[in-house]
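Derivation of every value follows stated rules applied to the coordinates shown; laboratory data play no part. The structure presented is a predicted model; accordingly, all values stated were derived computationally and were not measured. Cβ placement follows ideal geometry from the backbone for every residue including glycine, while neighbour counts extend to all protein chains displayed.
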Amino acid sequence: MGNKIRLFVNVDHVATLREARKTIEPDPLVAALLAEQAGADGITVHLREDRRHIQDHDVSRIRQNITTVLNLEMAAVEEMVHIALDTQPYQVSLVPEKRQEITTEGGLDVFSQKEQLKKVGDRIQSNGIRFSLFVDPDPRQIDAAREVGAESIEINTGSYSELREAGAVQRELEKIRDASRHAAEQGLRVFAGHGLTDENVVAIAAVPEIEELNIGHSLVSRSVYHGLKQAVRNMIQAIQAGEAQRTR
């Protein structure tokens, strides 16, 4: 498990800033290119059904102009499947979506919709696109992800990131470690993301099975102060600090 963790930078909230004024800047494509220059291994965007931040033209422009790869987060609905098949990103990550939520609130309930998710996944994979599912650190959901044919899971680190009491943080971290181990044993590749910062990412990056992280809001927030290039460099250093703590 000694391979370098890949950092995918999510540029959704650059588009959030733009959409607040319905103008042309800041441009998430420019942000994506800066992130690549700083060392990002890929770019993530979430095209929501309500188009609250990333727009359809952002997805196509980013896909066409970045030099790394695009991870497209989306709901498992027909409109998004068509967009994915037309855009041909490197990977599709299915996420739950509710209109009233501010951001994604939890992992997919894969267990209760295995048939539908398998159909979507089959269509995605038959077009040469990698297929991933965003799930909570729950063995039942991980087993269901394997059953529907996902190649990978992204473990939701939202609860871990929101906790402040040391004991509670440690318990949630143990759940993530156990879930990562279980997923790897099931033959799934293990990614993680949601709410990670360059403080709390260190313990996550130390989990041996995790090979990819999706991080956005913290980078965009801190880039307001420090500049996006430096924020990404800081994140890579923090991830490397976690990697150095891995048990062999």
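By a straight-distance test (C-alpha under 30 Å), which lysines pair with Lys175 as possible cross-link partners, with residues fewer than eight away in the same chain excluded?
Lys4, Lys98, Lys114, Lys118, Lys119
Could you give me the ³J(HN,Hα) list for segment 56-62, computed from phi with Karplus coefficients 6.51, -1.76, 1.60 and θ = phi - 60°, whole Hz, x at Gly and Pro?
Those phi angles translate into 4, 5, 5, 4, 5, 5, 5 Hz.
Nearest 5 percent is fine: what portion of the DSSP beta bridges confined to the chain is antiparallel?
Antiparallel: roughly 0 percent of the beta bridges in the chain.
Step through the residues of segment 129-135 one at a time and calculate ³J(HN,Hα) from phi using the Karplus curve (6.51 cos²θ - 1.76 cosθ + 1.60, θ = phi - 60°), rounding each to whole Hz and writing x for Gly and Pro.
For segment 129-135, the Karplus curve yields 9, 5, 10, 10, 10, 8, 9 Hz.
Which trypsin sites (Lys or Arg not before Pro) from segment 4-33 combine a DSSP loop assignment with at most 10 other Cβ atoms within 10 Å?
Loop-located and lightly packed - Lys22.
Can you give me the long-range amide H partners of Ala150? Hydrogens built in the peptide plane at 1.01 Å from N, cutoff under 5 Å, separation of 5 or more residues or another chain.
none
Tell me the Rg and the Dmax, in Å, that the Cα atoms of the chain produce.
My reading of the Cα-based Rg and Dmax gives 16.9, 50 Å.
At 222 nm, what helix-only mean residue ellipticity would the chain give, in deg cm²/dmol to the nearest 500, using -39500 (n - 2.57) for each DSSP H run of four or more?
It lands at -14500 deg cm²/dmol.
Short version: ³J(HN,Hα) in whole Hz for each residue of segment 237-242, in order, from phi by Karplus 6.51 cos²θ - 1.76 cosθ + 1.60 (θ = phi - 60°), x for Gly and Pro, what are they?
So the J values, rounded to whole Hz, are 4, 5, 4, 4, 4, x.
Only sites in a loop by DSSP and with at most 13 other Cβ atoms within 10 Å count here; which trypsin sites (Lys or Arg not before Pro) in segment 54-147 make the cut?
Sparse-neighbourhood loop trypsin sites (Lys or Arg not before Pro): Lys98, Arg99.
Length gain on complete extension for the stretch Asp86 to Glu25, per 0.36 nm per residue less the alpha carbon to alpha carbon distance?
So the extension gain works out to 19.4 nm.
Where in segment 149-199 are there trypsin sites (Lys or Arg not before Pro) that are in a DSSP coil and have at most 11 other Cβ atoms within 10 angstrom of their Cβ?
Answer by residue number: Arg164.
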